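Structure first, commentary second.
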Amino acid sequence: MLSQESLQQIDREIAKYPPDQKQSAVMAALRIAQVEKGWLPKELIEFVARYLEMPPIAAYEVASFYNMYDLEPVGRHKITVCTNLPCALSGGVHAAEYVKQKLGIDFNETTPDGKFTLKEGECMGACGDAPVLLVNNHQMCSWMTTEKIDQMLADLDKK
Amino acid sequence: MILAGCDGDRTWRLQDYVARGGYSALKKILAEKTPQDAIIAELKTSVLRGRGGAGFPTGLKWSFMPRAFPGDKYLACNSDEGEPGTFKDRDILRYNPHSVIEGMIIAAYAMGAARGYNYIHGEIFEVYSRFEEALAEARAAGLLGQNILGSGFSFELFAHHGYGAYICGEETALLESIEGKKGQPRFKPPFPASYGLYGKPTTINNTETFASVPFIMNMGGEAFLNLGKPNNGGMKLFSISGHVNRPGNYEIPLGTPFSELLEMAGGMRGGRKLKAVIPGGSSSPVVPGNIMMDCTMDYDSISKAGSMLGSGAVIVMDETTCMVKALERLSYFYFEESCGQCTPCREGTGWLYRVVHRIENGLGRADDLELLNSVTTNIMGRTICALGDAASMPVQSFIKHFGAEFEYHIENKKCLVPPEVQYAGSQIYVSPSC
């Protein structure tokens with residue numbers, strides 16, 4: 001269900017923990033699975049659980065508890081904008097409104113061409129860089145003026 | 001101190017850290033076989049207090065570990081920084097990760113732990129990747145693993161990432177998360193020093209706390225204490241955000257006047273007037289600007305002003321800020337991040353958000369402030385962890401200090417601060433009907 005490369009990455013994570021504590025690798029394993037497949041359908045979560053010799057329900061609990069896992073399909077690029085107080089004081093809400101307007105979608109929606117999903121995020125721990133947004137969970141973009149948002153969306157559109 | 005000399009793009013590399021004097025404290029301890037007690041005593045002299053928010057004395061915490069306990073013992077670093085306003089650990093890990101690694105090795109030596117994990121906030125994944133690289137450098141140099149630098153002491157350290165849950169910054173939730181479970185806090189006691197990761201004795205410290213250790217070992221506890229003021233030892237990183245000209249991290253001695261810190265951050269944006277400050281991360285009670293201007297930045301002074309130094313996250317708000325809207329954003333955060341385990345918090349945070357939201361949207365009722373206060377008193381002290389208190393303190397303090405603004409909202413169904421003024425300050429668009 002997952003590529004050899006992903007499985008090797010998961011094995012490296014398992015090696016970080018005591019031999020009888022494979023379940024500790026579940027957060028990393030779900031992340032690796034999501035990066036390869038784009039989101040986490042139930043069968044994929046079950047596969048990860050079996051690989052780590054843990055009950056599927058326990059893996060599902062983890063996948064549904066932490067909000068960076070996607071349990072439903074998302075667009076090719078997921079953009080998460082922080083609108084918490086420190087960001088909001090420095091244009092975070094404005095940045096989110098601008099992205100909405102540019103993409104023609106609201107939070108938790110995907111563009112009809114399947115390219116972009118927009119999410120509202122909670123504190124990302126980068127309040128000094130506001131406005132801040134995350135692209136596909138792992139790439140943080142700082143000081144997002146409208147010009148920079150234009151550029152970012154144009155670049156992502158080509159990918 | 002921690003971030004001194006860290007303004008290039010290679011300062012995170014092992015070679016650069018060593019050139020800045022890095023790993024000398026560890027080398028000295030291993031070469032001289034410094035007794036464990038002597039290290040802990042030095043920390044106690046320094047009066048280093050936990051930099052994650054609670055301000056608990058680090059030396060005392062380390063002394064709780066049962067060193068004679070024959071089985072496994074663990075160390076965990078809390079880099080799950082997600083409290084609105086806090087962004088210092090990200091910079092420590094980005095620019096000086098080896099100071100954290102060295103601090104953790106010294107801690108492991110002092111407490112007899114053989115394995116450690118650094119739990120890194122999921123949203124800063126690039127920092128997690130860099131920390132993994134720094135760990136690889138340390139391993140290759142014989143600073144981690146079996147028989148470190150030929151001393152006979154062994155310690156393994158790994159990075160573990162979160163994936164979007166504020167609650168995992170609570171230390172027992174963090175342990176649950178490393179065990180591969182939902183991050184729900186545990187009942188205490190037992191405390192982690194007796195029953196921690198995988199049920200073994202564990203000590204958890206914040207990133208900045210660990211990063212301070214090598215400096216204390218090098219300069220001595222007394223010298224570190226003297227950098228700050230009595231009972232408030234050393235230097236501290238302050239993360240300033242909000243309405244200032246130069247938001248960012250500033251490392252200053254504890255006891256520095258707030259007015260100087262504000263000056264360092266370039267002063268108020270647009271030269272506007274200071275209205276209020278949240279001095280220690282979103283959970284700490286808000287302090288009116290005029291009171292804040294008389295405070296010094298240390299645990300005791302901020303506590304006297306009715307708030308907490310917390311993690312040192314200073315959120316600055318100017319006169320264009322609508323306090324109802326500001327509280328609404330914070331209350332939404334706690335509602336969203338409550339783990340759902342304890343009923344008073346799970347239900348109460350929802351009540352807090354919904355009531356503040358309706359006041360903000362012109363639907364407030366006459367007895368809403370009373371209702372809000374009653375909900376907070378029914379949450380506080382009735383939950384397993386501090387998230388319930390953290391959600392309640394902003395509500396109580398906003399109403400205490402800015403109650404008139406809330407009453408105006410309820411009576412007039414609009415904001416005291418005109419929408420165009422709010423927009424000028426924060427680019428928050430608010431419809432005229434509020």
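Read the figures in this text as sums done on the coordinates, not as results from a lab. Remember, it's a predicted structure, so these values are computed and weren't measured experimentally. Virtual Cβ from ideal backbone geometry, glycine too; neighbours counted across all protein chains shown.
General observations
- Order by protection proxy (mean Cβ within 10 Å, highest first), peptides B:239-252, B:203-216: B:203-216, B:239-252
- About its Cα centre, the dipole of the stretch A:4-65 is roughly 100 debye, where the only charges are +1 on Lys and Arg Cβ and -1 on Asp and Glu Cβ.
- Diffusion coefficient, µm² s⁻¹, Stokes-Einstein with Kirkwood Rh over alpha-carbon pairs of the stretch A:4-65 at 10 °C and 1.306 mPa s: 140
- Remark on B:LYS275: its backbone amide H falls under 5 Å from those of B:MET317, B:ASP318, B:GLU319, a criterion applied only to residues 5 or more positions apart or on other chains, H modelled at 1.01 Å from N.
- Overall Cα dimensions of the stretch B:310-434 - principal axes, largest extent first, Å: 43, 35, 23
- In the stretch B:1-58, the convex hull through the Cα atoms has an average projected area of 5.3 nm², a quarter of its surface area.
- For A:LYS159 and B:ARG358, the FRET efficiency from 1/(1 + (r/R0)^6), where r spans their Cβ atoms and R0 equals 60 Å, is about 0.90.
- When the trypsin sites (Lys or Arg not before Pro) in the stretch B:338-406 are filtered for DSSP coil states and for at most 15 other beta-carbon atoms within 10 Å of their beta-carbon, the remaining sites are B:ARG365, B:ARG382.
- Translational diffusion of the stretch A:77-158 was estimated from the Stokes-Einstein equation, with Rh taken as the Kirkwood radius over Cα pairs; at 4 °C and 1.567 mPa s the coefficient is 105 µm²/s.
- Net charge of Cβ neighbours under 12 Å - reference B:ALA19; Lys, Arg +1; Asp, Glu -1: +2
- Summed side-chain charge close to A:LYS37 - residues other than A:LYS37 whose Cβ falls under 14 Å, Lys, Arg +1, Asp, Glu -1: -2
- Note on A:GLN151 and B:ALA366: with the Förster distance fixed at 41 Å, the Cβ-Cβ geometry gives a FRET efficiency of about 0.25.
- The alpha-carbon of B:LYS229 sits under 22 angstrom from the alpha-carbons of these lysines, leaving out residues fewer than 8 places away in its chain: B:LYS44, B:LYS61, B:LYS88, B:LYS304.
- Cα convex hull of chain A - mean projected area over all directions, nm²: 10.0
- Over the C-alpha trace of the stretch B:281-347, radius of gyration and Dmax come out as 14.1, 40 angstrom.
- Sum of side-chain charges, B:GLY59 neighbourhood, beta-carbon under 15 Å (Lys, Arg +1; Asp, Glu -1): +2
- Inter-chain Cβ neighbour count for B:327-334, averaged per residue, equals 3 (cutoff 10 Å, partner chain atoms only).
- Cα point-scatterer Debye curve for the protein assembly as shown, base-10 log of I(q)/I(0) at q = 0.06 Å⁻¹: -0.30
- Rh by Kirkwood over Cα pairs, then Stokes-Einstein D for chain B at 0.692 mPa s and 37 °C, µm²/s: 146
- Two-site FRET efficiency, B:ASN290 against B:GLU179, from Cβ-Cβ distance with R₀ of 30 Å, rounded to 0.05: 0.05
- Peptides A:132-139, B:298-305 ordered by average Cβ neighbours within 10 Å, highest first: A:132-139, B:298-305
- Average other protein chain Cβ within 10 Å of Cβ, residues B:270-282: 1
- Pairwise Cα separations in the stretch B:1-154 fall into 10 Å bins from 0 onward with the following percentages, short to long: 10, 38, 40, 12, 0.
- Averaging Cα coordinates gives a centre for the stretch B:316-379 and one for the stretch B:68-124; these two points are 33 Å apart.
- 18 Å Cα-Cα reach of B:LYS27 towards aspartates and glutamates, excluding residues that sit fewer than 8 places from it in its own chain: B:ASP16, B:ASP37, B:GLU42, B:GLU102, B:GLU137, B:GLU156
- Only helices enter this figure: runs of n ≥ 4 DSSP H residues, each worth -39500 (n - 2.57), summed and divided by the residues of the protein assembly as shown, yield -13500 deg cm²/dmol at 222 nm to the nearest 500.
- Listed by chain and number, the aspartates and glutamates whose alpha-carbon sits under 18 Å from that of B:LYS188, ignoring those within fewer than 8 places in the same chain, are B:GLU170, B:GLU171, B:GLU176, B:GLU179, B:ASP389.
- When the stretch B:235-283 is reduced to its Cα atoms, the Kirkwood hydrodynamic radius in Å: 11.2
- Peptide A:76-89 has a mean of 6 when you count, residue by residue, the C-beta atoms of other protein chains within 10 Å of its C-beta.
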